[in-house]
Structure formats: C-alpha cells, structure tokens
1. In debye to the nearest 20, how big a dipole does the range 2-165 give about its Cα centre with +1 on each Lys and Arg Cβ and -1 on each Asp and Glu Cβ?
2. Please compute the length gained on full extension between A366 and M1, using 0.36 nm multiplied by the number of residues separating them and subtracting their Cα-Cα distance.
3. Given a Förster distance of 45 Å, report the FRET efficiency between A278 and L180 from their Cβ-Cβ distance, rounded to the nearest 0.05.
4. Per residue and in Å³, how big is the convex hull formed by the alpha-carbon atoms of the range 2-165?
5. If I stretch the segment between V21 and V402 completely, what's the gain in nm (0.36 nm per residue apart, minus their alpha carbon distance), one decimal?
6. Evaluate the distance, in nm, between pseudo-label points positioned 7 Å from the Cα of T53 and of R97 along their respective Cα→Cβ axes.
7. How large is log10 of I(q)/I(0) for the range 201-321 at q = 0.15, 0.17, 0.20, 0.22 Å⁻¹ when the intensity is taken from the Debye formula with one equal scatterer per alpha-carbon?
8. Cα-based Rg of the range 3-57 per 2.2 N^0.38 Å, rounded to two decimals?
Amino acid sequence: MPFTVLYVIALLTLLLPAIAVPDPGLVAIGAVLVGLETAAAFALPWRRWPDWTLYVPPLVQMLAVGFLRVGTGGPASPFALIMVLPVVDLAARRGRRGVAVAAIGAAGIIAIPLVLGTTDTMITTILVVRAVFVPLVVLVVAYTVNGLTERLRARTETLATLRRMQDALLERMRADAVELARVAADRRASRDMLLSVFDAVTEQAIIAADEDGLVDVFNPGAEKLLGYARADVVGLMRLTDLHLRAELVARRAELFHEDGEVDNPRFLLEALVAPALAGRPEVRDWTYVRRDGSPITVRLAVTRRADTDPRSAGYVVVAADVTAERETDRLKERFVSLVSHELRTPIASVLGYVELLRDESDPLTAEQVGYLDVIERNARHQLRLVGDLLLTAQVRAGRFAVQRARIDLGDVVRASVQTAVPAAQAAGVELEAHTDPVVMIDGDAGRLAQAVDNLLSNAIKFTPSGGTVTVAVRRARGPIGQQQAEVQVTDTGIGIPPDEVTHLTEDFYRASTATRRALPGFGLGLAITHAIVTGHGGRLEVTSRVDEGTTFTMVLPAVTGSVRTSAPS
C-alpha cells in the first residue's frame, strides 16, 4: 500500500502543466502494472503458495518504476527513488536471496533506458556507469537492511519465545496457585479433622509440641489427666514442664553420661525425645506432675512430628495413666514372691520326710508306699509350680539371667523328648523327634531344657489320644543370612483361636479351647518359655488352627563349629 500510494502521487504530479511527459504510453504501462499488482496483492492466496512467489509483487513494482522513469525522461526523471520501497521489501525477507533479487532488479531498472531510451554516446556512457554503480549501492543497502532485519527478526522471535514462556509460566503459576490453595485447604481440613480427633479422645493425653518443646496441642484427655486447662498450657509451657525434673535429669545422665543438674531446657527435652530423634520411637513409663503437685505414672509414647514446613516440625506425645496398673503389678509381684518363698520351705520339708519314711528300717506296706507316691508326686508338682512363680517374678523384676555355654541344641531336645516319653505313652500320643546332627548355640542348657519341656508338656496335654507330637531341631538361615537354630514342636491337638494367639505368652493366660475342656494348668509355661527364648536373643513363633493343631517354633542364634563344650545333664 505505501508503494501504491506513492506511485499514485507521482502520477498525479504528472498532471501539472510544468511537467513534460515524453512518453505517456510507457507511463500508462507502469500504471497498469501497479494496478494489477495491487489488486493481486489483495485477491490472490499468497500464504498458500510457495515462498518464492512473494518475490513477484516487488519485482512488478520495480518494473513499473522503470517504465515510469523512462516515460518521464529517463535519467532526468525525478521518480527513480520510488524504487527504494520494493528494494527494502525484498531485502527484508529471510535469507540473502532477496538481496540478490533487489540488486538484479535495480540493475534492470537502470538498464531499461539502454533498451528503450536515447542512443546518445554521452548519455549512454552515463547510463552504463549508473547501471553498474546504482545496483552496487542497492546491493550494499539491501545487504545492510537484510542484516538489520534478520537481527530484528531474531530479537522479535526471541521476544515471542520469551513471551510464550512467560505465558506458560504464568499459566503454570496460576495452576500452581490453584493447586497450592487446594493443598492448603486440604491441610487445613486435615489439621482441623486431626484436632477434632484429638479433642474426641478423653481417656488418653495427646500433646504436641514444636521443635523447642513448646506445647501447641493439648487435648481434653491431657486436661483430664494433668488438671491443666488448655489455655494455661498451649504456647506457655514446655513438654518437660509436665515431667518430674529429677527423672529427666537421671534419664539424660543415662543416655548421654552427663551427671548433675541441667539448667538448659533443651537438654532436658533431649532426654525425653532422644530415641524419637534417633528414629526409634520409645514407649516407656514416666512420672508426670499434675497441677496440684501430685505425681502420676504414665505410659508415654514419643514420636517425631516431621513436615515439609520446618515450622511444623516437633514432637507428639501420647500418654495414658498406668498408676493403678503399676501398683497392681507391684503388689502382684510381691504376692507371688512372698507366696512362692513361703511355699518352697514346707514343700521341701514334705519331700524330705517322704524320703525319711522310705528309708525307715521297718518295711512299708504296698498301700503305705502308694500313699507316699501320691504325696511325693503332688509335692513335686507344687514345687514346680512354685519354681515357675519365682521365675515369673524374676522376669517381671528384670532379674532373669541366662548362664551361657557352648552346647548342642540337639542334645537338649533329645533329653527333653526322652523325659516326655512316659507322659506321651500314658496319654496315647505318638512322640516323634527329628534332629540335625550338630546344632551348636551359646545358651543355658538348663533354661532351654525347661522351655522345651514346657512346649512338649503342652503339646501332649492338648493332643487327644491317637494324635501325634513331632519335635524337630534344625539349622536355618535368617533374613540377612545369619545362622539360626530352630526347635519346632508340632501337635495335632485342639488348636488355638487366631485372636488368642498373641496373648499366649501373657502370665496366667489360658486359651479358651483349654478352659472349655477343663484341661489342667496355670498359664505360666508359655510365658516362661517366651522369657527364656527372648533372654537368648531369639523369638517364639506360633501358628495354630482350631481342631487341627499348633506349631511352636523357638528361633535362636546359632554358631558355627561342631565342638561340644557343655551338654545338659
């Protein structure tokens, strides 16, 4: 459009009386070319055609300028400068092709007078010089314009790319903002729900604190347990302010080997949360001090509260009042210990007098010997019960000890099986034993024999006549390749309900299948066996199905080698 407007202005200028038009026909040809080019520029689908077709309009414009120049006087024409517009148009296109086309087109315009103009020698010489120099100038100008245009185009494309990236980032930021708002709303909802759950718990204290131990959650259970109102604790008290200070100091000395009072609240907090910081949440008894100054014993679980937001990191404490339970346990232990000691002496005396009666010079009648057998059998049964009670008291008091020596576990099991044979025969139960040749462990032969005796006694007792009890001793590999020894006692007896299996190792617990059949027992054998196995660094595993049978497996650490340095008597 700028070229067309300028060309029309040039044509209108020719209407002035002072302007002479030597060849109106050539001017008319140029005007027709411009008209056709302008119409084609609007009418034809240039964008759908190849790129080289876009060179046609500026070339037509240059040709029209040539006709106008020759028609208005040739070298003397004032309209040659209109050629600058199509030259710039060509030079502004991508690549160097437009530069060459512009220079060639300019040379053509200058050369038109040589074809259509005068033959005067001086004029012809000037035309030849112009035909060389003007295209050279056009070439330099076109090259310069092309370079500037390329840099401008590159900058424009870069800006467009940056704008697209900016739009993409803005869109992503909007999406992230929406997602962040959703996550924040979800977190607020989760926190509100968690706090509502905490508030619904009234029988356990749930206390949360920040990294410095300052309390920020104090549920109704904590208010009930400690006598403090939430407003008096949250943001004002630390976790350690609820504890007996002397207990914290002693605990820090135990963990960090530091004696004396600790004035820094952070040091006291470390005594409380050290296991949680080490990644092993600890559950143990602590002493809380209520608002009225009275101490209470609580079962406390301390866990690490971690979050992506460092300001949300801290600790969560769950406490339950076990004061009455601990007092009951203490009284039970005192009672068991007292009764056991008081019973041991008279029972030992009864057994002593039974031996004296057997050694009397006067022979006893068969009936009298039978009476003594009944007395001795029941006295020894009571003595074993007293021993079990004493062992249970030792386990509870933490005084249970294991005297280790290098032993062959197969010897221990074979001796126990030999002892259990009469009871199995009397019950009509088949007793089988399978042992590896040598299974060496570091253990207490007497304690392990007691554990195996308990398992065999239970298996025989709870297996109906005609059933089978199988004992196996073997080596095994642990989950990380360590050597293990296994003692497995399997019976075809009455079995144990699945929901009762986890309670079998509790003191005085008896399965419902045993109580319904009125089978004798006090519920101490498995608790003692569990204590013995645990004391050896092992574990006791149980699998059972009601009316199909039960399998107990003692898993113990084994040692390599086959030299026996000790064996059970």
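1. The calculated dipole for the range 2-165 is roughly 860 debye.
2. Details: separation 365, 0.36 × 365 = 131.40 nm, distance 14.22 nm.
Full extension from A366 to M1 adds 117.2 nm.
3. Numbers: r = 34 Å, r/R0 = 0.75.
After rounding to 0.05, the efficiency reads 0.85.
4. Numbers: hull volume 20.3 nm³, N = 164.
Output value, Cα hull per residue: 124 Å³.
5. Numbers: separation 381, 0.36 × 381 = 137.16 nm, distance 13.04 nm.
The V21-V402 span can extend by a further 124.1 nm.
6. Going by the 7 Å Cα→Cβ label model, 1.4 nm.
7. -0.63, -0.82, -1.16, -1.40
8. Working: Rg = 14.6 Å, N = 55, 2.2 N^0.38 = 10.1 Å.
That ratio works out to 1.45.
None of the figures in this text is laboratory data; all of them are computed from the coordinates on show. Quick caveat, the model's predicted, so the values are computed rather than measured. Note that each Cβ is placed from the backbone with ideal geometry, even for glycine, and that neighbours are counted across all protein chains shown.
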